[in-house]
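A quick write-up on the structure given underneath.
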Amino acid sequence: MSVTLKKTYKFAVKSALYISLFSFGFITILSYFFFSINWFFSTLFALSILVFSFFVLQYRVEHFIYRRVKKIYDDISFLDATEFRNQSITTDMATLTRQVKKFATDKKLEIEMLKDREEYRREFLGNVSHELKTPLFTVQSYISTLLEGAHKDKVLRKKYLERAEKGVERLVYIVEDLDMISKLEMGDERLNLTEFDIVELSQNVMDLLEIEANKKDISLSFDSKYFKSIMVLADYEKIQQVMINLVMNSIKYGKEGGSTEIGIENLTNNKVIVRVTDNGEGIEKQNIPRLFERFYRVDKSGARSEGGSGLGLAIVKHIIEAHDEKIFVKSTFRKGSEFSFTLEKV
């Protein structure tokens, strides 16, 4: 660890000057009463005292401060070796104060971040437990009922087995989504980039989800007529999943007799933006920053009654970011929402 001493001689000079003046006055008074005054001797003596005092004071004070400052560095260096051990020791109090203050601020932010992560971890584990527990208990209760004698009734047996199957399907759906999001987060899910027509893909998604939309009398349509293909470069299956998740969400949170529109427009020369807009429930402002968290639900009770794994938007975000693209959200509570994302245009 290198040592850099900032030479501030003000203290040493003033102290040495006081000592010299005292010594000069004292020797002059002694000479006046006991000897004849020798001004040359008195002046030389005073100057000698001045120089000697200056160097002694400067050396002693700097080393006195250095030892104590070094102890401070040693006390805190084990907390952040990469930062403090690579820095030179300074005896300048203003510099030291800034360094320690910065260190304390950084550590405070780090502790707050760790607390947030721990809170997120606890919440995530609680959500996973809850999401898996519901279908597991459902399957368990139906199977237990069948084992207790209900299997003898053919009608009841078929009914309970069908319900148990739905619970298993829900479990499989959650596990598959967890597997996909884990691969996306670790970068193990490879993209198969191809050129395709995003208008055609959007139409296919609307056709696929038309039955679900009809259950709530929600109309699925484009915001305008698209007579030409709009070719993009992306992973077809992944973008199809993005569109399915976004349109399905608009249906889940849409109002009876509402509408969902898909719009596609040029953003820049090499980018298009795809918008999925609905006039449903909308999202309260405080919930928007957390929408893409795993298992986060705006309406925890209502959302579960609609099914799903609670991972849809988290998967959407990871897929779009895997393409090095951006996703955006605009929403007005009780008026509707708009989810949009960019894609590279061919």
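Total residues in region 248-298 satisfying the condition of being under 30 Å from residue 122 (Cα atoms) and not aromatic (Phe, Trp, Tyr): the figure is 19. The residue that is nearest to residue 231 (Cα to Cα), counting only those in region 161-191 that are in contact with a Lys or Arg (Cβ under 8 Å, 6 or more places away or on another chain) and outside any helix (DSSP H, G or I), is 191. The residues of region 192-227 that are part of a loop (DSSP other than H, G, I, E, B), more than 35 Å from the chain's Cα centre (by Cα) and either outside the structural domain of residue 323 (by TED's automatic domain parsing) or in contact (Cβ under 8 Å) with a residue 12 or more places away in the chain (or both), listed by number, are 216, 217, 218, 224, 226. If the condition is being β-branched (Val, Ile, Thr) and touching a residue at least 24 places away in the same chain (Cβ under 8 Å), then region 137-188 contributes 138, 139, 168, 174, 181.
Conditions (1) farther than 30 Å from residue 190 by Cβ; (2) surrounded by fewer than 18 Cβ atoms within 10 Å (Cβ to Cβ); (3) in contact with a Leu (Cβ under 8 Å, 6 or more places away or on another chain); (4) at pLDDT 90 or above, marked per residue:
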{"residue": "228", "(1), (2), (3), (4)": "yes, yes, no, yes"}
{"residue": "234", "(1), (2), (3), (4)": "no, no, yes, yes"}
{"residue": "257", "(1), (2), (3), (4)": "yes, yes, no, yes"}
{"residue": "266", "(1), (2), (3), (4)": "no, yes, no, yes"}
{"residue": "270", "(1), (2), (3), (4)": "no, yes, no, yes"}
{"residue": "281", "(1), (2), (3), (4)": "yes, no, no, no"}
{"residue": "294", "(1), (2), (3), (4)": "no, no, yes, no"}
{"residue": "300", "(1), (2), (3), (4)": "yes, yes, no, no"}
{"residue": "304", "(1), (2), (3), (4)": "yes, yes, no, no"}
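Taken over region 310-346, the residue count meeting the criterion of being modelled with pLDDT under 80 and surrounded by fewer than 20 Cβ atoms within 10 Å (Cβ to Cβ) is 0.
The values are calculated or read from the model by the stated rules, or taken from the named source; none is laboratory data. Everything numeric in this text was worked out from a predicted model, so none of it was measured. As a convention, Cβ positions derive from the backbone with ideal geometry for all residues, glycine included, and neighbour counts pool all protein chains shown.
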